[in-house]
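The values are calculated or read from the model by the stated rules, or taken from the named source; none is laboratory data. Predicted, not measured: the structure shown is a model, and the values here were computed from it. Virtual Cβ from ideal backbone geometry, glycine too; neighbours counted across all protein chains shown.
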Amino acid sequence: MTAAAIVAATALELFFAEPAPLEMPSAEAYLVRMNGVSRLEDRYDALDLWTSQSVIGRWIDDEGRVFTLASLDYAPPSSAATRRTTREGYAATRKRIGPKDLDARDAAVALLSPFDMPDEPSASHVGLNGWKILYYHGTNTTAVSCAFLPKGRDTWHFASWELAEGDDFAVALERFESDFLADWDAAVERHIPTERGAAQAEKARRRGDADPPLPGERELLRADARHSVANYPRWNVTDGREFSVLDDLRDTSGFVVAFTNDLSAVRARYASVLPSPIDGTNTLCVARIFRDRAEYAAALGVNGRDDMEWSAAYWNPSRREIVAYLPPEGERELLRTLRHEAFHQYLSYACSMIAASPWLNEGYAQYFEDEESADWGLGAWRPDPKALAPLLPLVFAMDYRAFYSGTDEERALKYRLAWSVAVFIEKGADKVRGRPFANLKRDYVAALIRTQDMLKATAAAFGSERAMDDFVDEWVRFWTEGR
C-alpha cells in the first residue's frame, strides 16, 4: 500500500474492513448402531476443526488485503491425531498452549501463516504497550505475520495482513504495529467481542474454576456456527431446537423469526412424508443467509465454491450448512428457496449422507416449497402425460450429472417431471388399486443405505421393470384425469 493510501485510511477500519464469514469444518458421516438405534456420527479432520475454531475472524478490504486474526488457545493436533474424530472427541483431547509453550506456538503460526514459515522467526521484542511481539517474515514482503501476547494474558494470538500489489511493506508493518497492536483495547471493544469473554474465561482458569461440562455434538456444531460470525456486528444468530440461522439481512428480523418457526413445522412434515430409519436427535441444520447476491457470490469465491456461481442457494453436505441470499423477489421467494434446500439437508441425513437420486431429492424439494398451498405443491404446471411418459424411466435412471445437463429448458423439464412424480406419490399412489407403490419411498431409502448407490436403490425400490411400467401408467392416468 502506498504511504498516501495508508495515511488516508482510518486506523482500525484499515484492518477490520468487510467481514468474510468463516467456513465450517468439513465432515464425513459414519453410520453407527448402538442399543438398537442407528444414527449418524459426523467425523472431522482434527486439524480442520482446530483451524476453524482458532481463527477469530477474517476481513477483506476493497483492494484485496486480507486481515486474519486467530487465538492460539490450543495446540494444533499432532500428525497422529489428524485422523477423523468427532467434535466431542476432539474437544476432550485438545491441549492448551501456555505462554511459554514456544514450540506449540510456532507450530500453530506455521499452520495459520499465509506463506511458508522462515527457518528462524525474528527475535521477540516488547512493544509500547508491554506486549511480547514476534514477527515471522523472513524474506517475505507480501504479508505481515505476527504472534503476540497481550500484557496480562496467558494466550498467544496470531495476526496476518496480506497486502495488495504495490503496497510498501515497511510502511504497512509500521502501521500494523502502531494502529493495530498498539490499539488492541480499542480493537477488542469495537470489533472483537469474543475476546472479552475469552479474557474472563482466562481469569476463571487462574482461579482454578472447573471447566463447564462438554456439550453434545449438536451444541458443539451450533457453537462453531455462532463462532463463524461472532465478531461481525452485522450478522445475527437465531437458534431453534434443530437449527441455527445466521444472517446479515437488513430490516428483516420478522422474516427470520417467521422462518425459524416455519422450518420447525416443515421439517416435521419432511419426516412424516419421508421417514428415516436413522435417529436424528444429534443433527443440526445451519442456514447462512447473505443480504444480497453480490455478497453471496463473494463468499462463494472465498470458500472455493466458484462452481456454484449460477446458484440461488445450495446445501453443502460436507459443511453441514444451507447457504442462500435474499433475492430481488423478496422474502417469500427466499422462504421457498430455504424450504427447498432444507429438504435436501433433511434427506441427506435421512439417507446416511448418501446422495439420493435426483428424481426423489429434487422432486420432493420442489414439492415442499409451497407449504401454504392447499394442495401442498400441486401448482399451475401440468405435464402432457402421454407425450412425457416415455421420459419418466429416463429420469429415474439419471444421476445428477445427467439430470443437470442440457439446456435450461431441458433441465427445467426434468425438474418438473421429478416434481410431478412427488405429487403423484403423495396425491394419487394410495388410490391405485392394491396400493402397489405404498412403500416405494421407504424401500428406496432402505435400499440406498444398504447399497450406497442411487441407481441401484431405484431399481430395488421398484423391484422390476414391470413395476416401473405400471407406475408410469398410473402416473399418466393421474395427470390425465386430474385427480
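Quick notes on this structure:
- Some residue of the range 184-201 being part of a helix (DSSP H, G or I), without any contact (Cβ under 8 Å) to a residue 40 or more places away in the chain and β-branched (V, I, T): yes
- When S160 is tested against (1) surrounded by fewer than 19 Cβ atoms within 10 Å (Cβ to Cβ); (2) within 30 Å of R226 (Cα to Cα), only condition (1) is not met.
- Residues that are touching a Ser or Thr at 6+ places or on another chain (Cβ under 7 Å) and at pLDDT 90 or above within the range 376-396 comprise just one, F396.
- Number of the condition not met by T260 [criteria: (1) within 16 Å of the chain's Cα centre (by Cα); (2) within 13 Å of L338 (Cβ to Cβ); (3) of a type in the set (S, T, Y)]: (1)
- Of the numbered criteria (1) surrounded by fewer than 16 Cβ atoms within 10 Å (Cβ to Cβ); (2) closer than 16 Å to E23 by Cα, the one L102 fails is (2).
- Evaluation of R105 against (1) modelled with pLDDT under 90; (2) assigned to a helix (DSSP H, G or I) (one fails), failing number: (1)
- Candidates V229, V266, V257: the one that is surrounded by fewer than 16 Cβ atoms within 10 Å (Cβ to Cβ) and among the hydrophobic types (A, V, I, L, M, F, W, C) is V257.
- Residue within the range 116-127 that is modelled with pLDDT of 90 or more, in the same structural domain as D42 (by TED's automatic domain parsing) and in a loop (DSSP other than H, G, I, E, B) present: no
- Every residue from the range 240-295 that is in a strand (DSSP E or B) and polar (S, T, N, Q): S244
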